[in-house]
Each structure stands twice: as structure tokens, then as C-alpha cells.
2 protein chains.
Amino acid sequence: MAARGHGPGGAHDAQVRRLRDLLRSAVLRGRFDGGQLPGEAELMASYGATRATVREALDLLRREGLIDRRQGVGTHVVVNAVLARMAEAHGAADPMADSIFNRRMRPRVLDRSEVPLPAVAAERLGAPPGAPCLRLEYVALVEDEPTALATNYVLFPEGERLLAPPFDSDWYALLREAGLRFGESEFIMGCSAADPATASLLAVAEGAPLITFEQVIRDPDGRPFNLAHIHTRGDRFLFVSRAVRATP
Amino acid sequence: MAARGHGPGGAHDAQVRRLRDLLRSAVLRGRFDGGQLPGEAELMASYGATRATVREALDLLRREGLIDRRQGVGTHVVVNAVLARMAEAHGAADPMADSIFNRRMRPRVLDRSEVPLPAVAAERLGAPPGAPCLRLEYVALVEDEPTALATNYVLFPEGERLLAPPFDSDWYALLREAGLRFGESEFIMGCSAADPATASLLAVAEGAPLITFEQVIRDPDGRPFNLAHIHTRGDRFLFVSRAVRATP
């Protein structure tokens, strides 16, 4: 059943894709000692690949901005991806000590103001359009690098309690410190290409792939009070999700 | 704190981004009756936006391939996104009746062969490199449209049992029908820009944003036996994830 020859469905392109996927996994999970990839000869031997396949796979990773190749120096990882547990990204679990959600983010606030609740946000939160809400928009910085852009709409009374207090790490720390009760989070996750304004705020090229989240946070009684649209740099953040099959 | 004026951090661009995010949410969740968006005047009134803001927000959605605008006809949704529950995407929950995982996918098999286990896959599965494994690679079709490209590496003995049986809907149906026992699934989720070969197989433009999954499936005893690299069309699939906060 293996496809033959060259072209997008062909055997050569398939070998390149597969090797790229395998190496990409190791790169993003930080599995190469000192961030140095093995040389071409070693990769050819390990993967039973031709030199052309190895070079093209590495070139795809280079074009993705994950590695750098220099004559005489070799191939190095140039990305520092953060793995976040899904439950922490949701804000539903207390962050582990080494987690990015353990006060390792810093916000650059773009907007923090009382605005009338926009129509779609009203539908998502089950509140009347035009009701007062807090709009809090920020770029999340990790080690001073922009990694995500988030626009939050928070119904009152919760929103009112978030207008003034210090906001100095992540969203969940802000909710916690304001004494807001968190019940459940829902994400609708997808991806999109960065528009020019978002690209500029996140310091990526226009068209760069971003992970998109629409989040609705409910209080412990099931009432939704917080809607967020979040755009996350695809080369910075990875999300780890686990699911166990219920035994029948 | 609101940014002023034009430019990427400016007030006008921010209004455009926010309106785009709100409308994008409604478009992807299929919330416009008959797929028809309200006219410019109605959007201006609903969102307190200028005509320029409305037009630029719609233009971003049009460039993303989500809507089409025609003089005299109006603005229509042209995308048909599928929402999948995360537990179903993991294969850890039986699919609901209307789910995409309820036999609504069809695979186009690209490769189904016994190969030596590649190095990174060996590390992920805790098996020796070069051990025999099944490589099963396919494009997942939904209503005859390509939506995802998946490369699976399955250790023996499980892989051996997947070499021959009919594969006619989704991966989890294949595992189930082969009598393989499923314990746990782990995803590392991110996104990337489509390389030329993947773009061609998924019928998207080169550089189009794709959701990437690395999946490891374990048996009920915790032994990993299946690694998959999956690239999913960002304009076709959305994933719904929920997390409830444990009460302290």
C-alpha cells in the first residue's frame, strides 16, 4: 500500500514528513542534550534515511523556526517550548512547582476598562447584551517574551472586583487573589494564522500559526461569568492532555 | 490604560481584533441562522463599531476562509467546522450519536506496513529501536474532505493484529474491532504551518495553520503501544475540553 516515487503523496515526501515529525517531537520536548542534534550521518543511520531525506526534514524544522543549522557548528535547537498540563491551562488545578502557571508569567495590560457586554459574549455568558462588564486584555509574557494575547470579558459583580487589584502574574492568580470562586472551565480549541496586529503584539511573522482558545469560566453554581479569546504562540506553548478510559 | 490611535497596539486595530474574535466564535459554532451574517449596519449597531472596523473584521474572517462576502448577496459562512469532545478525540469515551467519531470518518490509507521502530518512537514507547512495528498512515476524510493526516507506529503484538483487518472508519473503531485494550491516551497539542506535502494531502494552502497532536496510547496495564503524529486542519476541527475544579 506504500505510495511510490516523488510528489506530495510519494514515498520520498512521506519519509521526509515522518522524519520531521519524529525529530520535531524530540526538539519540542527538549530531548537533545545541550540542544544539539546528531549529525547527518548519525541521523541517516538511526532512521535508515538518505542524506536528501535528512536534509529536507531538517530544513522543514529550520523553516518552522525550531532549529538553526550552521556550517561547522552543526544543528541546534533554538526554541524553548513550554509544556503546560491542560488542567493548569484551564485554571482547574493548582499549578505544580515547575509550572508556567506558578507565577512565571507576567502580563502587559493593553486594556482594563468597563464596557457594555458585546452581543456574542452576551450569548456565551447568558447575560443581556450591553450589561456592564470588565474588559481586560493583555499579552502574557514568559521571560519577557510575548507568548499569548488574551481578551477577557467578565460579568459584574466579578468584573467589578477585577478592575483595580494588582495583576502581576497570570489570570488564575488574579481571580484567586480577588477571592473569585472558580467552578469549571471550558475551552474550544483550534488554530489560526496570525493577522498583522496580533502578529505584531506576539512578535511573530504575519500568518504564523497560533493556537486559539475560547474559554468560558463558570462559578461553582454553574453560572458563566468570564469569556476569553486567547491566541497562543504555537512555537512556545504545548498542551498536555490525558484521558483514561473508564473500565466497562 | 486603553491604547490609543492606529497601529498594531492601537485602539482601532484592537477593536478590529476583538470584533473578529467575537464573530469568529459565532461563525465556528454555527450560530448564524442559515449561515448568513447580519449586514454591516446591524453589526455596527450591535457592537458600537465604525463601518471601517466592521469591514476590517469581516475581511480578516474572509481571508481566513471562514466567510464569503458578495455584493448584493451579503456575508455567508463557508466553513463547516466539526466540534469534537476531547475525551472522544482521545478515544477514551464512547462516541455520542452525533459525534464525528461515530463512524462518520473514512480513511484513505497511505501506508500500512511492518517497519523497524524509529528512534524517537522507540523512546516514546519504551521499546528498543528497530523492533518490528506496524506503521499505518492515513488521511481522515469527513464527507470526502481531507481533515487530518495521521502516522501511527504500533508495537507488536498489537501492531500485528492491525496489519490485515478492514479499516473503514476511525482509528478507535479499528482498535476496538481488533479487540485491542485501550487504557489511557496522552496528547501533546500544538500547531504548525502546513509544509508543502502535508498541505497537498490535506487540500489546504502551503503555510495553512494545522493543529498538531502527538499521541501515546497505553494499554490498561500502562504499557504504551501506539504513537501517532496527527496534523489536523484548523479550519475543520475544533476541540472542546472541560475541567472542573476539585473542591478543596
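Any chance you could look up the accessible area of residue B:85 with a 1.4 Å probe, heavy atoms only, rounded to 10 Å²? For residue B:85, the solvent-accessible surface is approximately 80 Å². Here the Debye sum runs over all C-alpha atoms of the range B:82-240 as equal scatterers in vacuum, and log10 of I(q)/I(0) at q = 0.08, 0.20 Å⁻¹ comes out as -0.21, -1.43.
Estimated translational diffusion coefficient (Stokes-Einstein, Kirkwood radius over Cα pairs, 4 °C, 1.567 mPa s) of the protein assembly as shown: 55 µm² per second.
Computed on chain A, with alpha-carbon pairs under 8 angstrom and 6+ residues apart, the relative contact order is 16 percent.
Label-point spacing for residue A:94 across the identical copies (point 7 Å from Cα in the Cβ direction), in nm and ascending order: 3.7. Once backbone amide H atoms are built at 1.01 Å from N, residue A:117 has A:130, A:131, A:133 as its partners under 5 Å, excluding neighbours fewer than 5 places away on the same chain. Largest first, the residues A:96, A:105, B:44 sort by 1.4 Å accessible area into A:96, B:44, A:105. In nanometers and ordered shortest first, the copy-to-copy spacing of the residue A:42 label point, defined 7 Å from Cα toward Cβ, is 6.2.
Past the 17 angstrom mark, what percentage of all C-alpha to C-alpha distances in the range B:44-105 do you count?
Counting every Cα pair in the range B:44-105, those more than 17 Å apart make up 59 percent.
The orientation-averaged projection of the convex hull spanning the C-alpha atoms of the range B:1-100 amounts to 8.8 square nanometres.
Taking 4.7 Å between beta carbons as the limit, the unpaired Cys residues of the protein assembly as shown are A:133, B:133. Ellipsoid semi-axes for the range A:55-148, based on the Cα gyration tensor and the rule √(5λ), read 39, 17, 14 Å when sorted largest first. Rounded to the nearest 20 debye, the dipole magnitude of the range A:151-194 is 40 debye, with +1 charges on Lys and Arg beta carbons, -1 on Asp and Glu beta carbons, and the Cα centre as origin. For residue A:63, inter-copy separations between label points set 7 Å beyond Cα along the Cβ vector come to 2.1 nm, shortest first.
Sorted by accessible area with a 1.4 angstrom probe, largest first, how do A:13, A:170, A:98 fall?
A:98, A:13, A:170
Could you let me know the centre-to-centre spacing of the range A:167-205 and the range A:45-59, using Cα atoms, in angstrom? First find each Cα centre; the distance between them is then 38 Å. The spacing between the range B:72-93 and the range A:207-248, judged by their C-alpha centroids, is 16 Å. Towards the positive end of the charge dipole of chain B, with charges on Cβ (+1 Lys, Arg; -1 Asp, Glu), say which of B:118, B:216, B:131 has the farthest Cα. My answer, from the dipole projection, is B:216. Sorted from greatest to least, the principal axis extents spanned by the alpha carbons of the range A:155-248 come out as 50, 40, 19 Å.
A 1.4 Å probe, protein heavy atoms only, puts the accessible area of residue A:167 near 20 Å². When B:47, B:153, B:172 are compared by accessible area at a 1.4 angstrom probe, the order from most to least is B:47, B:172, B:153. The calculated FRET efficiency for residue A:51 paired with residue B:164, based on their beta-carbon distance and R0 = 30 Å, is about 0.30.
Extending 7 Å from Cα along the Cβ direction at residue B:177 and again at residue A:221 yields two label points whose distance is 5.0 nm. With R₀ fixed at 45 Å, the C-beta to C-beta distance from residue A:71 to residue B:36 puts the FRET efficiency at about 0.20.
The values are calculated or read from the model by the stated rules, or taken from the named source; none is laboratory data. Source: prediction; values computed, not measured. Here Cβ is always computed from backbone atoms with ideal geometry, including for glycine, and neighbour counts include all displayed protein chains. Just the protein is used for accessible areas: all its heavy atoms, side chains included, with ligands, DNA and RNA removed. Shrake-Rupley method; radii C 1.70, N 1.55, O 1.52, S 1.80 Å.
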